[in-house]
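Asker: This is the structure I want to talk about, given as structure tokens.
Derivation of every value follows stated rules applied to the coordinates shown; laboratory data play no part. Being a predicted model, the structure only gives us computed values, none of them experimental. Heads up, the Cβs are rebuilt from the backbone with ideal geometry, glycines too, and the neighbour counts pull from every protein chain shown.
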Amino acid sequence: MSGGEGDGGTTLEFTPTWILAGVCTIIVGISLAVERLLHYAGKQLKKNQQKPLYEALQKIKEELMLLGFISLLLTVFQNSITKICVGKNLTHHFLPCKFETEEEESSETEESPIRHLLSEHASSAIGYCTSKHKVPLLSVEAIHHLHIFIFVLAIVHVTFCVLTVLFGGAKIRQWKSWEDAIAKESNDSTSSGQALHPKLTDVHQHDFIRGRFRGIGGHSVILGWLHAFFKQFYASVTKSDYMTLRLGFIMTHCKGNPKFNFHKYMIRALEDDFIEVVGISWYLWVFVVIFLLLNINGWHTYFWIAFIPFILLLAVGTKLEHIITQLAHEVAEKHVAIEGDLVVKPSDDHFWCHRPRIVLYLIHFILFQNAFEIGFFFWIWVQYGFDSCIMGQVRYIVPRLVLGVIVQVLCSYSTLPLYALVTQMGSSFKKAIFEEHVQVGLVGWAQKVKRKTQLKAAAAAASESGSGHGSSSDVKIQLGVLQRQQP
């Protein structure tokens with residue numbers, strides 16, 4: 001071990017101090033710059049009163065902290081992992097690349113990439129396991145690559161989520177002109193007195209009904225689903241759709257406020273949902289482990305799983321479009337003509353399992369799975385090269401990338417705007433219907449009610465135990481504590 005060099009290279013004992021200090025300076029500088037950038041972004045979001053986006057940024061920080069902790073665990077237990085020895089025959093199965101026979105291995109030069117990699121980075125662990133006639137469970141280089149993969153996966157997922165919400169939000173903000181036009185028309189009709197004489201609406205000639213009901217063959221269920229499937233690719237939401245669903249929401253949840261700004265509420269609700277979408281939940285990590293397990297040579301796993309987010313996205317888009325069709329169908333079946341505007345009835349019954357929230361979970365999984373596909377591709381490309389056996393054949397790579405782009409674009413410009421609008425057609429509204437200061441006031445009011453309820457319960461207990469054996473003093477103490485908690 002001359003000069004402090006062992007099988008694993010030079011240790012810090014014999015590393016020049018200027019190299020150590022320089023590397024630390026660069027790493028700490030980059031880390032502090034990223035931390036300050038996130039802190040500044042958070043301050044700007046709070047300053048602009050964008051609390052949902054600020055909470056989403058906090059979620060991103062949590063994910064980065066989790067990644068750091070995972071990386072720390074891998075680093076701390078690196079030596080222990082590499083000294084876990086297993087039988088050589090166990091490493092010949094479930095390989096992402098074809099295993100070379102001993103004859104093929106002996107024909108290679110000693111400077112082959114695999115042999116050079118092992119001799120330079122993990123020879124000590126190999127020597128330790130070789131003495132036991134076994135091989136290391138995981139090499140140092142494999143652990144290093146696993147570090148990079150987890151980091152790339154999280155960064156790509158967060159980036160894709162942000163891009164999806166930005167592009168989807170841009171599409172939704174185009175509907176603001178419809179909201180402004182409705183508000184202007186409402187003010188004009190009120191000032192002219194037209195509101196006192198409601199018009200008679202021919203239901204079957206209404207734009208919303210003609211586009212969603214009569215044009216698809218009346219009562220044909222199959223044609224209805226087919227129409228919903230293709231509708232998500234073009235003009236997924238029309239002005240008549242927006243106006244009708246908006247009116248249905250207002251008449252159901254805030255009938256006393258016909259001038260309710262539905263568009264502003266919808267944006268706030270989408271921002272609240274973004275907080276959940278941007279995170280990587282535990283069940284998503286389970287899928288990562290399963291997909292890594294199934295990446296076996298000859299199975300072309302990553303080609304087949306590329307269809308999962310694509311098929312799910314088409315199913316979600318079709319379902320959301322079909323919900324609008326169902327709302328039109330209900331009105332068309334019940335009425336021929338109505339007095340006033342056409343109103344639909346929101347209901348959870350139109351959603352899967354009567355839960356609109358399921359759509360959000362599916363979009364969360366779709367975005368993560370798509371990010372996993374694209375992130376895995378770039379990781380393999382940078383780490384092992386385009387010609388790596390893990391990358392697979394070109395005829396399997398190109399469709400994967402094409403599907404990934406299609407999923408990203410379709411989710412941004414069609415599915416997410418559809419979700420933002422159609423999920424408001426549930427039986428209940430979201431807390432975003434209230435302004436932030438109102439939400440804070442409601443929370444404070446609820447806390448006061450809870451404390452008063454506790455005081456009443458304690459007072460009742462005190463009156464009942466007045467003749468008890470010394471228990472009234474304990475109740476009085478409890479009452480005093482509760483009263484001090486009152487603002």
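Asker: Return Phe376, Phe167, Phe77, Phe351 ranked ascending by Cβ neighbour count within 10 Å, so the fewest neighbours appear first.
Answerer: Ranked by crowding around the Cβ, least crowded first: Phe77, Phe167, Phe351, Phe376.
Asker: Need the full-extension length gain, Asp207 to Tyr361, defined as separation in residues times 0.36 nm minus the C-alpha distance. One decimal, nm. Present the calculation step by step, with values, prior to reporting the outcome.
Answerer: Numbers: separation 154, 0.36 × 154 = 55.44 nm, distance 3.22 nm.
Separation in residues times 0.36 nm, less the Cα-Cα distance, equals 52.2 nm.
Asker: While we're looking at this one, here's another question. Using 7 Å Cα-to-Cβ label points, what is the Ala181/Gln393 separation (nm, one decimal)?
Answerer: With each label placed 7 Å out from Cα toward Cβ, I get 5.3 nm.
Asker: Treat each spin label as a single point 7 Å out from the Cα along the C-beta direction, and report the His92 to Ala142 distance in nm.
Answerer: It is 1.6 nm.
Asker: At 0.36 nm per residue, and after removing the present C-alpha to C-alpha distance, how many nm does the segment from Gln174 to Asn48 gain when stretched out fully?
Answerer: So the extension gain works out to 43.3 nm.
Asker: Another question, if that's okay. Among Ile390, Ile311, Ile305, rank each residue by its count of other Cβ atoms within 10 Å, from fewest to most, as a rough exposure measure. Display every interim value, and only then the final one.
Answerer: Working: Ile390 16, Ile311 13, Ile305 19.
Result, fewest neighbours first: Ile311, Ile390, Ile305.
Asker: For Glu35 and Gln383, what is the calculated FRET efficiency with R₀ set at 35 Å and r taken between the beta-carbons, to the nearest 0.05?
Answerer: Here the calculated transfer efficiency is 0.85.
Asker: Treat each spin label as a single point 7 Å out from the Cα along the C-beta direction, and report the Leu292 to Val23 distance in nm.
Answerer: 2.5 nm
Asker: Cross-link list Lys259/Lys431; Lys231/Lys431; Lys199/Lys264: which exceed 21 angstrom alpha carbon to alpha carbon? Could you put the intermediate results ahead of the total?
Answerer: Working: Lys259/Lys431 18 Å; Lys231/Lys431 30 Å; Lys199/Lys264 28 Å.
The answer is Lys231/Lys431; Lys199/Lys264.
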